[in-house]
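The values are calculated or read from the model by the stated rules, or taken from the named source; none is laboratory data. From a predicted model like this one, the values you see are computed outputs, not experimental measurements. With ideal geometry, Cβ positions are generated from the backbone for all residues, glycine too; neighbour counts draw on all protein chains shown. What goes into the accessible areas is simple: the full protein's heavy atoms, side chains included, and nothing from ligands, DNA or RNA. Shrake-Rupley method; radii C 1.70, N 1.55, O 1.52, S 1.80 Å.
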Amino acid sequence: MKLPEAENAAYDTLRRILTEGAYSSVELDRTLDHVPEGSRAKVTALVYGVLDKNVTLDYILSELAQKRPKNAVAVLIKLGLYEMLYGNTPVHAAADKCVELAKARVRGADKFVNAVLRAAPSVSLPSGNDATALSVRYSRPEWLVKRMLADFGEAKAISILGAYLPEKTHIRRNSRKISEAEFARIVEKTGEVERTERGYYVTRGTLKALDPSVYTAQSLSSIYAAEAYIKGMKGNIDILDACAAPGGKSVYMSELLPDAHITACDVHEHRVRLIKAYAARMGASGISAIVADARSIPDDKKYDLAVCDVPCTGSGLLCTSPDILIGKKDEDVAALNVVQREILEAVSSRVKRGGRLVYSTCSLLTEENESITDAFASAHPEFSPITEKTGRGSENDGKIRFSPDTDGCDGFYIARFMRN
């Protein structure tokens, strides 16, 4: 019997993501290049669907099997569970497809796979609003749900957990290469797109149809963040983007401030190459990309604006990158806090008098956000919060929060300071 094409491709992709730590966007794009046009939408839906429901599917699997199966079998069962529970595929049809895959891909597992999948409709998800129940129902790690409940309270935490963003890629135009009217014309004729204040949500087909020099993929939260960083600034200024890779915010700032010079840093050489390639594709000539740890940048230059978009859990990206927290643990937050504090402390010394310092994360968690910047402000009276409003997100005393349930974009945090 011929293997089901979409399920077979999705299985390979999910196995690499869930068991080998591969990046979902990279692996899916690689897979779709080798899948017939008619199967691409289904493969995409299966891969992102399983990733989004991974915690829930793990719970159902644990209820059905006394002992967790090997990774290869677990991934196959999750694929079948997703199809029957969320993909409107009858139980017998989903089970039959996965049994055929098991026979070909994980020999000896077909009877087990069949038994587990056919028993799946008997499992009920936990009720109540405790952390365990919310974790399973909304398919988010329990440690994260506990922190969200503590940070925001039950109502707001549930609102964030239930937030939805379009399952498409957000793009903006390259203002150096194309006018707004022309960009709208060529994008809107490619098919089904959703317009936003700063660009469009588009499908993979649109991305393939566009000249890569006239657009870039960039999330709304990233765009809004870059605009907040430089609000009110102009002219021939020096900017340090201390944690810049892959370069989206540096490139956008260079478009908004064409006379600025931006030093974009990353600790890894291969990621600095990404920044250089990004800048070259977009025609951003005012960017110097260097290999440097943000905690020890190898010069004594002072900057008009220094940005620390620090490493974080990425918990604000769950709507658009459902695999972002796979493998991460609660104790990782404390380890990240050490790095976050060190970067902010080091980069603050590179700000001119009268210059600006920005700290930001794509995290929702107070421990990665207000706890870091409030402690910094207490220890550094030479820095004052910039309270000028940007008109976006939730703003309070120089801090800006974006939340997926209220702002239509990924979760993001920004704190802005001026050196007195």
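In table form, for the structure just shown:
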read-out	value
Residue count for the range 143-170, restricted to those that are more than 23 Å from R401 (Cβ to Cβ) and in contact (Cβ under 8 Å) with a residue 40 or more places away in the chain	2
Residues that are under 15 Å from P381 (Cα atoms) and open to solvent by less than 50 Å² (accessible area, probe 1.4 Å), drawn from the range 326-354	L344, S348, V351, G354
Number of positions in the range 340-374 that are in a helix (DSSP H, G or I), within 20 Å of the chain's Cα centre (by Cα) and in contact (Cβ under 8 Å) with a residue 40 or more places away in the chain	3
Residue pairs meeting the criteria (Cβ under 7 Å; at least 6 apart or on separate chains; first of a type in the set (F, W, Y), in the range 36-50; second buried (at least 19 other Cβ atoms within 10 Å of the Cβ) and not in a helix (DSSP H, G or I))	Y48/P322
Qualifying residue in the range 386-408 (condition: free of Cβ contacts under 8 Å to residues at least 12 places away in the same chain and surrounded by 15 or more Cβ atoms within 10 Å (Cβ to Cβ))	yes
Positions within the range 172-204 being outside any helix (DSSP H, G or I), over 10 Å from A217 (Cα atoms), without any contact (Cβ under 8 Å) to a residue 60 or more places away in the chain and not β-branched (V, I, T), in sequence order	S179, K189, G191, E192, E194, R195, E197, R198
Selected residue (only one of L117, L101 is touching a Cys at 6+ places or on another chain (Cβ under 7 Å) and in contact (Cβ under 8 Å) with a residue 40 or more places away in the chain)	L117
Flag if N8 is of a type in the set (S, T, N, Q), touching a residue at least 60 places away in the same chain (Cβ under 8 Å) and over 24 Å from Y164 (Cβ atoms)	yes
The range 249-263: number of residues that are open to solvent by 10 Å² or more (accessible area, probe 1.4 Å) and part of a helix (DSSP H, G or I)	4
Single unsatisfied condition, A244 versus (1) buried (at least 16 other Cβ atoms within 10 Å of the Cβ); (2) of a type in the set (G, A, S); (3) closer than 30 Å to P311 by Cα; (4) over 19 Å from the mean Cα position of the chain (by Cα)	(4)
Residue satisfying all of: in the range 172-203; crowded, with 18+ Cβ neighbours inside 10 Å and polar (S, T, N, Q); modelled with the highest pLDDT among these	N174
Criterion (of a type in the set (A, V, I, L, M) and out of contact with any helix residue (DSSP H, G or I) (no Cβ under 6 Å at 6 or more places or on another chain)) met by exactly one of A284, A289, A346	A346
Matching residues in the range 65-77 - criterion: being surrounded by 17 or more Cβ atoms within 10 Å (Cβ to Cβ) and either under 15 Å from N114 (Cβ atoms) or without any contact (Cβ under 8 Å) to a residue 60 or more places away in the chain (or both)	P69, V73, A74, L76, I77
Unmet criterion (only one of (1) touching a helix residue (DSSP H, G or I) at 6+ places or on another chain (Cβ under 7 Å); (2) at positive phi) for G232	(1)
All positions within the range 290-316 that are farther than 22 Å from P258 by Cβ, modelled with pLDDT of 95 or more and open to solvent by less than 50 Å² (accessible area, probe 1.4 Å)	A292, D293, A294, C308, V310, C312, T313, G314, S315, G316
Filtered residue count, the range 265-289, keeping only those that are β-branched (V, I, T) and open to solvent by 50 Å² or more (accessible area, probe 1.4 Å)	1
Residue ID - nearest to R176 (Cα to Cα), chosen from residues in the range 208-232 that are touching a Phe, Trp or Tyr at 6+ places or on another chain (Cβ under 8 Å) and aliphatic (A, V, I, L, M)	V214
The range 4-23 - residue that is open to solvent by 50 Å² or more (accessible area, probe 1.4 Å) and part of a helix (DSSP H, G or I) and, of those, farthest from K97 (Cα to Cα)	E20
Failed item, numbered, when M1 is tested on (1) at pLDDT below 90; (2) outside any loop (DSSP other than H, G, I, E, B)	(2)
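For (1) closer than 22 Å to Y229 by Cα; (2) in contact with a strand residue (DSSP E or B) (Cβ under 7 Å, 6 or more places away or on another chain); (3) among the polar types (S, T, N, Q), each residue gets a yes or a no:
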| position | (1), (2), (3) |
| --- | --- |
| A292 | yes, yes, no |
| C319 | no, no, no |
| G327 | no, no, no |
| Q340 | yes, no, yes |
